[in-house]
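Read the structure below first, then the notes.
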Amino acid sequence: MAARVLGRAGRLAAVVRSSALQLRLHGSAGLRFGSQASFFPPLGDAMLPSGSFNNHVALITGGGTGLGRAMTATLSQLGAQCIIASRKLDILQRTAEEISSQTGNKVHAVQCDVRDPQAVSQCVDQMEALTGLPDVIINNAAGNFVCPSERLSPNAWKTITDIVLNGTAFVTLELGKRLIQNQKGASFLAITTIYAESGSGFVVPSASAKAGVEALYKSLAAEWGRYGHRFNIIQPGPIRTKGAFSRLDPTGAFEKATIDRIPTGRLGTPAEIANLAAYVSSNYASWMSGAVIRFDGGEYVSLAGEFNELRSVTPDQWKILEVMIRNTKGS
Ligand SMILES: CCCCCCCCC/C=C/C=C/C(=O)SCCNC(=O)CCNC(=O)[C@H](O)C(C)(C)COP(=O)(O)OP(=O)(O)OC[C@H]1O[C@@H](n2cnc3c(N)ncnc32)[C@H](O)[C@@H]1OP(=O)(O)O
Ligand SMILES: NC(=O)C1=CN([C@@H]2O[C@H](COP(=O)(O)OP(=O)(O)OC[C@H]3O[C@@H](n4cnc5c(N)ncnc54)[C@H](OP(=O)(O)O)[C@@H]3O)[C@@H](O)[C@H]2O)C=CC1
């Protein structure tokens, strides 16, 4: 009897080993990762009641493209007057016109390189003249690319950390000081990433800078509540944008493996993060400050758990593994 069980167990161990190998080579074995996505359909409509941002002014850095554009569209649809700011004025203007014509609410385009504190100050001057100081600030602008750290030049390091950490700090401090002077409250939101928490090889300047942004926002949440300011952080998982995917997965080789490890079986969508950003920035979230919200379909915990690859073990294989485990006597 024992020999029979051990024989079956040996065969099963070979099957399990070979499944794990297949999984590593081809991305899926046993349970099909990805089929579960049908349980988690992305919804595209604005979630908050219409008019939630009436009489609100929102500044979105990097609002001309990708996730910033989606956040701008949602806030504008909900009644906000938006200002989008980044380096490329032509792209900003095109986005501003498209969104304004769809929502009927004005979107202003303001050129600003967030690495330059003087440019940031001028951008805020321009904004004050156009709309007055904002109620909502979303620090979304970023730069990134995958690169082995030993290939990074000092200027490559400086470029990313200047956009992400210094840029966020310059925008936040400039607006914070003026808001305080005017005794006006505001919601500040920073878009970071899940690896701000874990760190990650091959995007080390971005990981370091995003971790700094999180420390900045958590610190100011504690310090500036007394001025009526809330500070929150959203850590997105992978959401397809040209800006991110062309610099982080230029050949598309990692997309399938990425989706396979996401428990909800799919990438996020710009509209989903826009809804979350709108909620966090709205008065419905007026008690939320200092929060770090991971929004990644479960990717972070999936990457973290040492045994998570056992998802590829089938129910029949589990029966045999259980027998093997139960038959173990002593240590
Ligand atoms: C599904 C598959 C998985 C993939 C997706 C998973 C995503 C999950 C987590 C995602 C996190 C995402 C975080 C993000 O931040 S994405 C945002 C990406 N968007 C952008 O980066 C937009 C803006 N970017 C840019 O403008 C440029 O890319 C830039 C390089 C960041 C800045 O441009 P600019 O100021 O013009 O700088 P340059 O003069 O071109 O370069 C400055 C120095 O950097 C060096 N350098 C540039 N590119 C590279 C590279 N690819 N490798 C190495 N070094 C690089 C450049 O050489 C300069 O240094 P110097 O030569 O020493 O002067
Ligand atoms: N997409 C994803 O999977 C994920 C994205 N994120 C984060 O989401 C945010 C948006 O990224 P995403 O939409 O994907 O990528 P995009 O490249 O579309 O967005 C980045 C924006 O930052 C602006 N920007 C870059 N450098 C500067 C600068 N020096 N001054 C002002 N603006 C600048 C760019 O505009 P311009 O070139 O005109 O300056 C661009 O609009 C980023 O913070 C990113 O780190 C985090 C995790 C996952």
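Figures for the structure shown
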item: Total residues in segment 98-116, condition under 22 Å from Leu276 (Cα atoms), in a strand (DSSP E or B) and open to solvent by 20 Å² or more (accessible area, probe 1.4 Å); result: 0
item: Filtered residues of segment 231-246 (kept if within 6 Å of ligand 2 (Cβ to nearest atom), among the hydrophobic types (A, V, I, L, M, F, W, C) and open to solvent by 30 Å² or more (accessible area, probe 1.4 Å)); result: Ala244
item: Cβ-Cβ under 8 Å pairs, at least 6 apart or on other chains, segment 125-151 side under 14 Å from Ile191 (Cα atoms) and open to solvent by less than 70 Å² (accessible area, probe 1.4 Å), far side part of a loop (DSSP other than H, G, I, E, B) and within 11 Å of ligand 2 (Cβ to nearest atom); result: Ile138/Gly63; Asn140/Gly62; Asn140/Gly63; Ala141/Gly62; Ala141/Val114; Ala142/Gly62; Asn144/Val203
item: Failed item, numbered, when Phe188 is tested on (1) aromatic (Phe, Trp, Tyr); (2) more than 26 Å from Tyr284 (Cα to Cα); (3) surrounded by 24 or more Cβ atoms within 10 Å (Cβ to Cβ); result: (2)
item: Elements of type helices (runs of 4 or more DSSP H) contained in segment 117-221, each with 1 or more residues being closer than 24 Å to Thr241 by Cα, within 13 Å of ligand 1 (Cβ to nearest atom) and modelled with pLDDT of 95 or more; result: 154-161, 167-181, 195-198
item: Single match in Gly228, Gly297, Gly252, Gly265 (criterion: away from ligand 2 (no atom under 12 Å from the Cβ), touching a residue at least 24 places away in the same chain (Cβ under 8 Å) and open to solvent by 30 Å² or more (accessible area, probe 1.4 Å)); result: Gly228
item: Every residue from segment 232-267 that is touching a Leu at 6+ places or on another chain (Cβ under 9 Å) and either among the hydrophobic types (A, V, I, L, M, F, W, C) or not in a loop (DSSP other than H, G, I, E, B) (or both); result: Asn232, Ile233, Ile234, Pro236, Ile239, Gly243, Ala244, Phe254, Glu255, Thr258, Ile259, Asp260
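Conditions tested, residue by residue: (1) at pLDDT 70 or above; (2) under 30 Å from Ala129 (Cα atoms); (3) among the β-branched types (Val, Ile, Thr).
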| site | (1), (2), (3) |
| --- | --- |
| Gly7 | no, no, no |
| His26 | no, no, no |
| Gly44 | yes, no, no |
| Gly51 | yes, yes, no |
| Gly66 | yes, yes, no |
| Met71 | yes, yes, no |
| Thr95 | yes, yes, yes |
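The values are calculated or read from the model by the stated rules, or taken from the named source; none is laboratory data. Small disclaimer: the values here were computed from a predicted structure and weren't measured. Using ideal geometry, Cβ is built from the backbone for each residue, glycine included, and neighbour counts are taken over all protein chains shown. In case anyone asks, the SASA skips ligands and DNA or RNA and just uses the protein heavy atoms, side chains included. Shrake-Rupley method; radii C 1.70, N 1.55, O 1.52, S 1.80 Å.
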